[in-house]
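Okay, so here's the structure we're looking at.
All of the numbers you see were taken from the coordinates with simple rules; none came from a lab. For clarity, every value in this text was computed on a predicted model and none was experimentally measured. Counting neighbours? That spans all protein chains shown, and the Cβs are built from the backbone with ideal geometry, glycine included.
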Amino acid sequence: MSQALIARLRSLASDMTPALARVADAVLAQPDTTLYQSITELAESSNSSEASVMRFCRDLGFSGFQDFKLALAKELATDGRSAGAGSPADDIQRLVETAVVALRETEQLIVRADIETAAEKLLSATFVECFGVAASAITAQYLAYKMSRIGRVCRAASDAPLAVMAARTATSGAVQVVVSSSGSTIDAVRVAEVAKANGTFVIGITNRAKSPLVASCNLSLVASWPETPLTGGAFPSKISQLLIVDALIGEMGRQDPNCLVTAEKTAEVVSDRSF
């Protein structure tokens, strides 16, 4: 856009419809917060609707909410108003501090009963399919690896067409795990919707408590530190998701001690691969 986005918003807000004006006011009041919100969260905070948020973005010339947030993130990063501005001189210290905060916040967000339920479902599953796109695929692969270490059949997919076909043809007793930091990735939500419609129990791992993915899952596990369009795959977001994975594996070992026995066996069989 040729004009500064925030300045343009201020000039247009008074001429918008009431619903769109409420969205504009919410963005102008807390632009940093908007970067971390899902479309559902912005709709709620502005007392409007998701349709109004989409109309707001398109009237400003953006293809959608993520496109709008990307432009907003770039502007905030440029003018120094973003939460990441004024970083400590020691970037390593900043990473450590944000990681610690993310882990502490995730600990508070984790519902122990949900971890127990998810572990029960994974233990009783005939097959587990994990899916994530881009950086979220890392978490899906990590879960598949940890499941393999305890002797559970699990596959991580990163190809969306194959994942959605697998979701549609999953047999009875399968469990689908879908990872999406934003909770709004089209392919991730699609896989969750198809799997759930097929009768598969769907577990979501996300960094947004209110998102399309959460609405599409039977059970959702929420990590802290949601990403902005400019921080996709950010370290705090990933380490929070990995904490959830390890919590799941630990709970599975608590519920079924055979998992621990198998973990020892798999450790032994690969021990000769190290000097």
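The shape of segment 1-44 comes out oblate: with a ≥ b ≥ c from the C-alpha gyration tensor, a/c is at least 1.5 while a/b does not beat b/c. Kirkwood hydrodynamic radius of segment 12-79 from all distinct Cα pairs, in Å? That comes to 11.7 Å for segment 12-79.
Taking 0.36 nm per residue of sequence separation and removing the Cα-Cα distance, the residue 141/residue 66 pair yields an extension gain of 24.4 nm. Label-to-label distance for residue 134 and residue 25 is 3.3 nm, based on points extended 7 Å past Cα in the beta-carbon direction. Among the listed pairs 146/210; 69/121; 121/210; 74/146, those with a Cα-Cα distance over 30 Å are 69/121; 74/146. The charge dipole of segment 92-273, taken about the Cα centre with unit charges on the Cβ atoms of Lys, Arg (+1) and Asp, Glu (-1), comes to about 220 debye, rounded to the nearest 20. For the chain, averaging the sequence separation of C-alpha pairs within contact (under 8 Å, six or more residues apart) and dividing by the residue count gives a relative contact order of 19 percent. Values [x] 1, 5, 10, 11, 12, 12, 11, 9, 7, 5, 4, 4, 3, 2, 1, 0, 0; [y] 1, 6, 13, 18, 19, 17, 12, 8, 4, 1, 0; [z] 1, 6, 12, 15, 16, 14, 12, 10, 7, 4, 2, 1, 1, 0, 0 are given for comparison; P(r) over Cα pairs in 5 Å bins from 0, in percent, derived from the coordinates here, is the one labelled [z].
Annotation: peptides 176-187, 240-251, 61-72, 46-57, ranked by per-residue average of other Cβ atoms within 10 Å with the highest first, follow the order 176-187, 240-251, 46-57, 61-72. Compute the distance from the alpha-carbon center of segment 112-175 to that of segment 8-27, in whole Å. Going from one Cα centre to the other spans 43 Å.
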